[in-house]
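Below is one structure, written out as structure tokens; comments come after it.
Just so you know, all these numbers are worked out from the coordinates, no wet-lab data involved. In this text the structure is predicted, and so the values were computed from the model without any measurement. Ideal geometry is used to build each Cβ from the backbone, glycine not excepted, and the neighbour counts take in all protein chains shown.
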Amino acid sequence: QFPRECISVQGLQSRECCPSLSGDPGDLCGSSAGRGQCVQVNADGRPHGPQYTQDGRDDRERWPLAFFNRTCQCNGNFSGYNCGRCKHGYGGENCDQLLVAVRRNVMELSVDEKRRFVSALDRAKRTVQPDFVIASRRYPEIFGPDGNTPQFENISIYNFFVWSHYYSVSKTFLGAGQQSFGGVDFSHEGPGFLTWHRYHLLQLERDMQDMLQDPSFGLPYWNFAIGGNNCDICTDDLLGARSTFVANTISSNSVFSQWRNLCESVEDYDTLGTICNNTEGGPIQRNPGGNVARPMVQRLPEPQDVSASLEVGLFDTSPFYSTSSESFRNTVEGYSTPSGNYDPLVRSLHNLAHLFLNGTGGQTHVSPNDPIFVLLHTFTDAIFDEWLRRHNPDVTAYPLENAPIGHNRQYNMVPFWPPVTNVEMFVTSDNLGYSYEVQWPGRPYTMTEIITIAIVAALILVAIIFAATTCAVRARSYSHGKNEARQPLLAEHYRRYSEDHERIQEKTQSVV
Ligand SMILES: O=C1C=c2cc(C(=O)O)[nH]c2=CC1=O
């Protein structure tokens with residue numbers, strides 16, 4: 001969440017996080033090369049929705065002001081915490097080369113591509129995130145027990161991805177002995193759901209590109225809208241088959257059986273006011289389609305659910321929450337029917353895919369520990385991208401105020417650094433340096449359309465039969481009347497011609 005360079009006692013006290021790019025203390029944000037400058041953080045103060053009632057008690061409000069109020073602002077295509085890198089979609093020394101990472105269906109990767117993807121994920125689980133560290137205490141305790149030991153930890157690239165999600169969904173601690181406040185979620189149940197997860201994936205993809213030294217590396221997706229109760233990617237060449245020995249775990253033939261979860265001690269965090277740190281716990285739990293207590297989540301979404309969701313015309317609707325109706329965001333998030341009707345009993349699309357996993361991947365505070373999370377969210381993001389392309393919305397489609405805390409258009413997304421707003425992710429993927437290779441299912445016909453098509457087809461058939469009958473009748477009457485009805489006409493014609501001819505002959509003779 002914060003650059004390693006910024007979390008010294010002095011750095012924290014200064015509230016400025018503008019590292020030098022060259023090492024020269026005066027070269028903040030690569031200013032000597034014209035890459036950027038150190039500026040005041042902009043944290044939008046427009047009102048949030050009524051769900052959050054604890055203003056002033058959470059480090060994540062008006063992110064990142066509880067920690068820092070100055071940051072690098074980069075020029076042109078430069079980007080990063082010290083303006084040392086390029087914006088998503090650009091590369092090269094001067095960040096002037098266009099780059100596109102293609103995200104493909106994981107089931108369509110070759111054997112070798114699948115092996116390389118699994119190995120890259122496993123490497124990310126074991127490789128220390130080179131630039132960022134995580135806070136292991138809330139701000140009031142950030143200087144440590146002696147006031148001189150900042151409470152930050154190193155973390156691996158993949159665990160950084162897990163921790164960021166946990167931090168965005170955790171409850172607000174209100175004090176020892178008091179129940180933590182749960183009416184808060186900086187990344188779900190609001191318009192920011194799609195923009196937040198988009199940036200979350202971009203950050204992982206970028207970290208993995210750097211780790212692999214392959215700027216073209218693209219995260220694949222899982223088309224979870226296949227119906228039925230079979231997890232097609234739960235095989236040992238991909239995300240791991242079921243263990244035949246230990247219930248609800250992953251086969252030992254898969255490297256993911258070795259992975260250990262982060263952020264499991266949620267009761268501790270909520271009662272003691274601690275924060276998830278870099279300590280890992282138990283293995284990934286997964287039992288796809290096996291939730292006997294909730295038959296509704298034993299099946300995956302259907303292909304037509306995706307098509308139906310893409311028809312919902314409004315990005316989000318008041319109250320911009322998990323109760324919104326006719327909202328594309330709430331539909332793809334999965335709190336509405338696929339055609340957009342809010343129903344508290346329904347779980348569809350993204351939510352249904354999570355709950356189908358029935359284990360680690362189905363519990364919000366730990367779900368990214370199961371690497372299926374990555375592929376589930378790239379597909380959700382692909383649906384978002386297709387919706388943006390089809391509906392081409394103006395930024396005003398995204399609410400400016402009164403969305404749940406963290407979700408307003410101009411709010412910085414928690415806990416990303418450097419600060420990035422929701423609206424920056426409200427653009428099609430080509431603006432962010434990636435694209436999807438997806439074949440979208442056709443839209444199913446509505447009953448009205450089926451009836452209209454049937455009526456039109458019937459009318460065409462009647463017209464054809466009528467035309468054919470008329471032709472047949474005419475043809476018959478023509479051949480029947482050939483020797484009778486038409487005879488006098490011909491005879492008459494012949495007679496007139498003969499009379500004319502005789503008259504001409506008489507005239508000719510008299511002239512002679
Ligand atoms: O990790 C998640 C787990 C979820 C469970 C639901 C639900 O609808 O009950 N939603 C979820 C979102 C997640 O991100």
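For the range 227-296, the extents of the C-alpha atoms along the principal axes are 41, 30, 21 Å, listed from largest to smallest. Kirkwood radius and radius of gyration were both taken over the C-alpha atoms of the range 1-76, and their ratio Rg/Rh is 1.07. Taking the Cα centre of the chain as origin and assigning +1 to Lys and Arg Cβ atoms and -1 to Asp and Glu Cβ atoms, the resulting dipole is close to 1120 debye.
If each residue's Cβ is checked for other Cβ atoms within 10 Å, how do Ile465, Ile142, Ile405 rank with the fewest at the top?
Numbers: Ile465 10, Ile142 20, Ile405 27.
The most exposed by this proxy come first: Ile465, Ile142, Ile405.
Length available on full extension from Asp268 to Glu141: 0.36 nm per residue minus the Cα-Cα distance, which gives 44.1 nm.
The reciprocal of the average 1/r between distinct C-alpha atoms defines the Kirkwood hydrodynamic radius, which for the range 295-430 equals 15.5 Å.
From largest to smallest, the equivalent ellipsoid semi-axes obtained for the chain from the alpha-carbon gyration tensor read 66, 29, 23 Å.
So what is the relative contact order of the chain, in percent, for Cα pairs below 8 Å that sit 6 or more residues apart? Mind showing how you got there, number by number?
Details: 960 pairs, mean separation 90.1, N = 512.
Once normalised by length, the contact order is 18 percent.
In deg cm²/dmol, rounded to 500, what helix-only [θ] at 222 nm does the chain give when every DSSP H run of at least 4 residues adds -39500 (n - 2.57) and the total is split over its residues?
Details: 11 runs with 166 residues, N = 512.
The helix contribution divided over the chain gives -10500 deg cm²/dmol.
Taking the number of Cβ atoms within 10 Å of each Cβ as an exposure proxy, the fewest-first ranking of Tyr398, Tyr342 is Tyr342, Tyr398. Sequence-distant contacts, meaning Cα pairs under 8 Å at least 6 residues apart, place the relative contact order of the range 70-153 at 12 percent. Cβ-to-Cβ counts within 10 Å put Ser136, Ser252, Ser336 in ascending order as Ser252, Ser136, Ser336, the fewest first.
Two numbers describe the Cα atoms of the range 260-333: Rg and Dmax, which are 18.1, 46 Å.
Compared with the direct C-alpha span, the chain from Gln10 to Ser110 gains 30.9 nm at full extension, assuming 0.36 nm per residue.
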